[in-house]
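The values are calculated or read from the model by the stated rules, or taken from the named source; none is laboratory data. As the structure is a computational prediction, the values presented were derived from the model and not from experiment. Neighbour counts are summed over all protein chains in view; Cβ atoms, including those assigned to glycine, are modelled from backbone coordinates with ideal geometry. Accessible surface areas use protein heavy atoms only, side chains included; no ligands, DNA or RNA. Shrake-Rupley method; radii C 1.70, N 1.55, O 1.52, S 1.80 Å.
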Amino acid sequence: MIILAIESSCDETSIAIIEDGKLLSNVVSSQIKTHQLFGGVMPEVASRLHAENVLFVLDEALRKANVTLEQVDAYAFTRGPGLVGALHIGMQVAKTLAMLFNKPLIPVHHLAAHIYANEFVGELKFPLLSVVVSGGNTELVLMEKPLDFKIIGETSDDAVGECFDKVARTLGLPYPGGVIIDKLAKEGKDTYHLPFPHADGEFNFSYSGLKTAIINLVHNEKQKGNEIRTADLCRSFENVAIKMIVDRTIRASEKYAVKQIVLAGGVSANSYLREEILRLFKDRNIEIIIPPLWCTGDNAAMIAKLAEHLYKDGLTCNLLISADPNWQIDCFRDF
Ligand code: KG4
């Protein structure tokens, strides 16, 4: 069974080919350099670049996998969540190929795929708690069994990755901010006193207050003519931002007596988050799965991995399907 999967939800055009669990190719074309010029992802530019790049990526993915389109048994694509114009490009390519070769089409939920990317590292064991942290989402997802997603906590405003990016921008650091803040924080000390955000709900998150506190702090210091100790501010910010994730993860893991904690999404690349999760769960008898760095960011390998499960469950669709930029993970069967 050979599946060709396409990911185009944000600023990476990616195509992967998988055969019975074995990843044959995973080509990722990143648009980051272009979006850096704007200080963040420009949706219209993202769509255009997907349209320009997708056929080159397809060609390379087939060549690397040594597979022809005639050999592909099903086509998978990211249906949502993501930027609507960007999603449409990948979806249209998948639809065209499925129509041309008369093969099934598999709509894949982007965040569920981030979780299933961990199958490249180890077997998922249920009940598990997934910490889904990215540029667009911050969610705690409980999985009591395979393909069963329940959101038990989510952000009430900004996503954590978005907060990293905006704080970086305030400090004059390049996009995407998470990578550079992670690096600078290692050189800094926790000397700035930042408020610990409050969020309603047992396991919910809030990042906009923390972001605003930093914007105000930087503004006030500049007005007073004081220099910002950038590395220290990165350290202080990261401590609060990551503590919020870790605190809720510990409490939720206790409440739901989970067997595994699984990190997912772009922010799961954060070295402090990884260290803290490993340190604080060391004596808790809960297995931790951390995705390898190559699949923390957006890629089609994770779409292909989840698509295999969806196909076995009969979750294919017809050509009338549309993209859903706000698709909720607990509704991943609704299309
Ligand atoms: O999952 P992803 O590639 O995009 C979405 O689908 O949203 O995540 C991108 C986000 C960006 O906000 C970026 O700043 C953040 O992940 N990120 C990090 C790190 N690497 C990437 N945040 C914190 N620490 C990192 N090392």
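Note on region 1-37: residues that are open to solvent by 10 Å² or more (accessible area, probe 1.4 Å), assigned to a strand (DSSP E or B) and either basic (K, R) or within 12 Å of the ligand (Cβ to nearest atom) (or both) total 4.
Restricting attention to region 47-73, the residues that are under 22 Å from T316 (Cβ atoms) and either open to solvent by 50 Å² or more (accessible area, probe 1.4 Å) or under 24 Å from the mean Cα position of the chain (by Cα) (or both) total 7. The C-beta contact set for region 266-290 (first residue touching a residue at least 40 places away in the same chain (Cβ under 8 Å) and over 26 Å from D165 (Cβ atoms), second residue more than 9 Å from the ligand (Cβ to nearest atom) and open to solvent by 30 Å² or more (accessible area, probe 1.4 Å), distance under 9 angstrom, 6+ apart or interchain) comprises E287/K125; E287/K259. Screening A264 against (1) open to solvent by less than 40 Å² (accessible area, probe 1.4 Å); (2) small (G, A, S); (3) more than 16 Å from the ligand (Cβ to nearest atom) leaves a single unmet condition, (3). Restricting region 176-194 to residues that are open to solvent by 70 Å² or more (accessible area, probe 1.4 Å) and not polar (S, T, N, Q), the residue that is farthest from the ligand (Cβ to nearest atom) is H193. Among the residues making up region 85-119, none is open to solvent by 10 Å² or more (accessible area, probe 1.4 Å) and under 13 Å from S268 (Cβ atoms).
Hey, does region 290-312 have a residue that's of a type in the set (F, W, Y) and buried (at least 20 other Cβ atoms within 10 Å of the Cβ)? No, region 290-312 contains no residue that is of a type in the set (F, W, Y) and buried (at least 20 other Cβ atoms within 10 Å of the Cβ). Contact map, region 134-148: first residue free of Cβ contacts under 8 Å to residues at least 40 places away in the same chain and open to solvent by less than 10 Å² (accessible area, probe 1.4 Å), second residue within 16 Å of the ligand (Cβ to nearest atom) and part of a strand (DSSP E or B), Cβ cut-off under 9 Å, separation 6 or more or different chains; pairs are M143/S130; M143/V262. Does V108 qualify as being within 16 Å of S47 (Cβ to Cβ), in contact with a strand residue (DSSP E or B) (Cβ under 8 Å, 6 or more places away or on another chain) and not in a loop (DSSP other than H, G, I, E, B)? So V108 does not fit the description; no.
Just checking, does region 38-46 include any residue being assigned to a helix (DSSP H, G or I), open to solvent by less than 20 Å² (accessible area, probe 1.4 Å) and out of contact with any Phe, Trp or Tyr (no Cβ under 7 Å at 6 or more places or on another chain)? The answer is yes; a qualifying residue exists. For region 193-207, state whether one or more residues are modelled with pLDDT of 95 or more and closer than 25 Å to Q36 by Cβ. Yes. Consider G136 carefully, then state whether it is within 9 Å of the ligand (Cβ to nearest atom) and outside any helix (DSSP H, G or I). So G136 passes the test.
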